[in-house]
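Computed from the coordinates by the stated procedures, all read-outs in this text should not be read as laboratory data. Computed from a prediction, not measured in an experiment: that's the story for all the values here. Here the Cβ positions follow ideal geometry from the backbone for every residue, glycine too, while neighbour counts run over all protein chains shown.
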């Protein structure tokens with residue numbers, strides 16, 4: 001039932017006291033709303049039972065294995081919630097005098113210095129609220145750089161065809177056109193295509209390394225050098241940083257600007273789709289262009305401006321800082337090494353049942369291809385994903401990256417035990433057996449969930465985007 | 001330390017061996033030696049949970065959380081019912097990700113659908129998305145939504161929040177579109193100035209209601225001018241005020257944006273906050289961000305799914321309407337729980353209390369010599385007064401008494417009063433100010 005369907009006229013709770021000041025004249029009638037909003041009317045017990053029911057129809061990292069490739073669904077430590085809910089953080093107004101917010105300043109400065117060391121950058125801004133927001137901000141830094149050089153020829157960004165959709169979308173928002181670079185037979189950047197693309201029209205390159213196939217590009221130094229040689233800058237999409245913390249740094253690979261996903265690599269909760277945090281780090285050449293908050297610190301003369309208000313998702317930075325301090329240099333390295341180990345361990349077992357797109361040592365994630373199964377048995381990546389739900393796990397990422405047909409991307413993360421991985425491999429084995437014996441059964445999957453497969457075509461054709469009372 | 005790794009070092013060694021490797025660095029063989037770190041990162045080693053808590057508590061103790069907050073300017077200290085935190089800290093909601101697999105996430109999808117409905121009810125608009133990052137970026141994305149081949153100019157009222165103006169300016173620079181601000185006259189957006197600036201190249205006009213100065217705008221006049229020029233009217237609204245004030249839909253706005261932080265989110269030094277965006281039906285397919293829709297499953301049951309995904313980055317890539325992926329989902333849930341808990345009466349009450357207490361405080365404050373209202377227009381719960389002593393000095397004196405004063409703007413103060421401040425507190429503040437100013 002929808003909350004509006006539980007609603008009954010007159011039901012309410014008493015959260016606020018009666019008015020204790022004399023009443024003033026209201027604004028003129030033409031400035032007042034005519035009818036009250038039709039929000040739900042219910043008691044607190046009905047409200048809480050409603051959300052308890054909804055919680056039963058949700059699956060989080062706390063519920064079970066969640067190998068959603070590219071999302072790094074690692075454990076969200078409880079202590080992060082405790083430190084972030086300190087009233088001395090939660091009760092601080094963003095515009096209070098700086099001397100009364102020294103603790104907040106320290107959180108941001110400390111997080112900046114730690115993350116600059118992790119990434120090999122010189123400065124960082126926490127204003128972007130998500131990865132895509134960080135990408136957008138990073139591209140604005142590159143735009144400012146060329147603008148101040150007086151170079152107006154640079155209208156293009158090089159992006160590999162394996163990139164996450166947010167990369168070209170962010171480039172388009174900055175008015176850049178995209179030069180797509182194909183991946184070679186090994187799943188890495190096609191170096192000949194890259195050499196041809198590096199002209200004086202290139203503002204920069206956007207790359208993630210390891211890439212979305214879970215492969216570390218061994219040509220990384222040559223790639224960044226080629227872009228620098230033609231006058232462009234290198235942007236690192238930090239979504240896959242979980243593979244290399246303490247092992248390698250984008251700053252050493254030749255990148256000038258990076259964004260991080262605190263809600264991926266640094267354990268802050270995904271929240272059903274946010275709030276995240278996408279801080280942008282950069283080398284000294286771009287440092288003075290970082291976004292500012294004109295009301296907190298005043299306008300910085302060369303800043304690109306602002307991408308949102310104040311300093312971004314501060315509460316998320318507190319959580320990430322707690323995590324980084326808990327792990328330290330030793331823990332971060334162990335986390336990345338174990339993420340890579342777990343992925344290879346799982347891949348080793350799963351490839352007995354389904355082919356991997358690139359049969360090669362992987363980093364923190366790997367990609368399966370169901371192309372042959374689709375062709376031979378009419379079982380798609382979607383069917384396998386839905387089948388896995390009935391084995392108690394969240395499916396891997398489907399149909400991404402686009403360069404692999406019928407792709408399933410698995411990222412187990414480091415916070416899974418050996419048994420958890422073995423169990424997941426057994427689920428794949430069971431699905432494979434089902435495909436061999438009774439493929440049609442998978443078309444009906446999932447069977448164990450409150451709803452079966454939804455009609456997405458109808459949802460888009462005849463959109464119903466809100467509840468309307470009769 | 002730790003890293004929250006379930007497996008022990010021995011188990012990991014076994015796993016490595018079982019797949020045919022001797023050393024963990026065998027898995028990193030593709031990393032060129034020049035970029036493979038040979039020493040540890042120069043950051044401290046990990047701390048135990050006990051020590052981490054102590055360290056963070058120590059840092060937090062360097063902040064002052066004021067018991068009495070009389071500052072708004074984009075972040076508001078409203079009362080948050082306890083049920084909001086209790087529902088949204090359920091781990092099934094906080095530890096899940098975007099509900100791509102509808103069969104597994106009806107709870108999350110339904111809660112977003114309910115949030116979308118509530119935003120529509122509060123603002124009067126037809127369609128809402130699942131959330132944006134914050135009010136300022138939501139306003140900027142709304143402006144971008146209005147651009148087309150013929151109309152590329154964006155106009156923003158100078159009476160909007162300075163950081164909203166700045167964010168829209170930045171997004172316009174990013175897209176290489178002309179950006180201009182509309183001057184203010186007597187605390188309101190100057191209608192005559194708008195008439196002279198707007199033309200057939202204007203894509204949209206953004207105004208804030210109530211505006212940054214606290215004044216209630218003549219949005220009907222402004223939006224009329226905007227529409228007559230063929231441009232779109234975007235209104236950025238303070239959601240609590242909609243418990244009392246005319247909705248943007250009643251002002252014929254095309255797109256509504258706003259900062260949802262007053263709807264159950266703590267001040268949190270500026271974030272995480274909650275952008276919302278709603279629009280007229282005709283603009284549905286240009287909306288950025290995620291949207292949840294209702295449909296049926298293969299057995300005819302009602303089901304909720306992410307829909308109209310052909311607008312989004314994972315399908316359209318460089319042709320997407322925006323790049324938004326993760327938004328502020330859990331914050332949207334906080335706002336939904338707040339709106340459901342408060343109900344129509346509660347929202348109206350929060351608005352009325354804020355209004356009447358602000359007006360009472362203004363009345364009492366302006367009885368003190370040297371304090372007078374800068375603008376004489378109608379206001380909701382924020383207003384600017386002059387100050388008989390140096391405003392920074394007054395701010396400091398009040399801070400020492402645990403009061404966060406109005407925001408200092410040159411030598412005036414932008415005050416804000418919400419339902420949290422009792423008459424007794426307000427009278428005490430006035431008394432304290434009187435004492436400070438007599439020194």
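Here the peptides B:163-174, B:193-204 are ranked by packing, the mean other Cβ count within 10 Å, and the order with the highest first is B:163-174, B:193-204. The label-point distance for residue B:301 and residue B:372, in a model that sets each label 7 Å from Cα toward Cβ, rounds to 6.8 nm. Per residue of B:129-135, other chain Cβ atoms within 10 Å of the residue Cβ number 5 on average. Rg/Rh, computed from the Cα trace of the stretch A:102-221 with Rh as the Kirkwood radius, has the value 1.01.
Can you figure out the FRET efficiency of residue A:352 with residue B:224, using R₀ = 51 Å and their beta-carbon distance, to the nearest 0.05? For R0 = 51 Å, the calculated efficiency reads 0.15. Averaging the sequence gap over all C-alpha pairs within less than 8 Å and six or more residues apart, then dividing by the number of residues, gives chain A a relative contact order of 19 percent.
Kirkwood hydrodynamic radius computed over the protein assembly as shown comes to 28.1 Å, based on all pairs of distinct alpha carbons.
Report summary: the helix-based calculation at 222 nm, which adds -39500 (n - 2.57) for every DSSP H run with n ≥ 4 and divides by the residues of chain B, gives -11500 deg cm²/dmol.
Ranked by the mean number of other Cβ atoms within 10 Å per residue, highest first, peptides A:414-427, B:344-357 order as B:344-357, A:414-427. Panel values: the stretch B:82-339, Kirkwood radius from alpha carbon pairs, Stokes-Einstein at 10 °C and 1.306 mPa s, translational diffusion coefficient 85 µm²/s. Between residue A:440 and residue B:50, the modelled label-to-label distance comes to 6.3 nm, taking each label 7 Å out from Cα in the direction of the beta carbon. Converting the Cα gyration tensor eigenvalues of the stretch A:281-408 into ellipsoid dimensions via √(5λ) gives semi-axes, longest first, of 42, 20, 15 Å. Computed over the stretch A:111-257, relative contact order equals 24 percent, with contacts defined as Cα pairs under 8 Å that lie 6+ residues apart.
Shown for the stretch B:201-311 is the translational diffusion coefficient from the Stokes-Einstein equation, using the Kirkwood radius over Cα pairs, a temperature of 20 °C and a viscosity of 1.002 mPa s: 133 µm²/s. Segment residue A:469..residue A:287, full-extension length gain: 60.2 nm, with 0.36 nm per residue of separation and the alpha-carbon distance subtracted. Normalised by residue count, the stretch A:1-110 yields a Cα convex hull volume of 273 Å³ per residue.
Our summary gives the stretch B:82-339 a relative contact order of 26 percent, counting only alpha carbon pairs under 8 angstrom and 6 or more residues apart.
The Cα-based radius of gyration of the stretch B:292-398, divided by its Kirkwood radius, gives an Rg/Rh of 1.25.
Segment residue B:411..residue B:195, full-extension length gain: 74.6 nm, with 0.36 nm per residue of separation and the alpha-carbon distance subtracted. Peptide A:61-67 shows a mean partner chain C-beta count of 3 within 10 Å per residue C-beta. Return one number: the angle in degrees, 0 to 90 and rounded to the nearest 10, between the long axis of the Cα atoms of helix B:391-400 and the longest principal axis of the Cα atoms of chain B. It is inclined by approximately 60 degrees.
Largest mean-square fluctuation among B:87, B:408, B:191, in a Gaussian network model of chain B whose springs join Cα atoms under 10 Å apart, belongs to B:87. Calculated mean residue ellipticity at 222 nm for chain A: -11500 deg cm²/dmol, from DSSP H runs with n ≥ 4 weighted as -39500 (n - 2.57), summed, divided by the residue count and rounded to 500. Suppose R0 equals 30 Å. What FRET efficiency, 1/(1 + (r/R0)^6) with r the Cβ-Cβ distance, do residue A:375 and residue A:447 give to the nearest 0.05? Efficiency, rounded to the nearest 0.05: 0.75.
The base-10 log of I(q)/I(0) for chain A, evaluated at q = 0.07, 0.10, 0.11 Å⁻¹, reads -0.44, -0.87, -1.02 [Debye formula, identical scatterers on Cα atoms, solvent excluded]. Give the residues of the stretch A:205-224 whose amide nitrogen is closer than 20 Å to a point set 7 Å from the Cα of residue A:359 in the direction of its Cβ. From the stretch A:205-224, the list is A:213-216. In the frame of its principal axes, the stretch A:14-69 has Cα extents of 59, 27, 19 Å, reported largest first. Only Cα sites of chain B enter the Debye sum here, all with the same form factor; the resulting log10 I(q)/I(0) across q = 0.06 1/Å is -0.33, listed in q order. Secondary structure note: in the protein assembly as shown, about 55% of the DSSP beta bridges are antiparallel. Put a dot 7 Å past the Cα of residue B:82, heading toward its Cβ, do the same for residue B:19, and the two dots end up 4.8 nm apart.
Inter-chain Cβ neighbour count for A:243-255, averaged per residue, equals 4 (cutoff 10 Å, partner chain atoms only).
For the stretch B:346-407, the fraction of alpha-carbon pairs lying more than 13 Å apart is 67 percent, rounded to a whole number.
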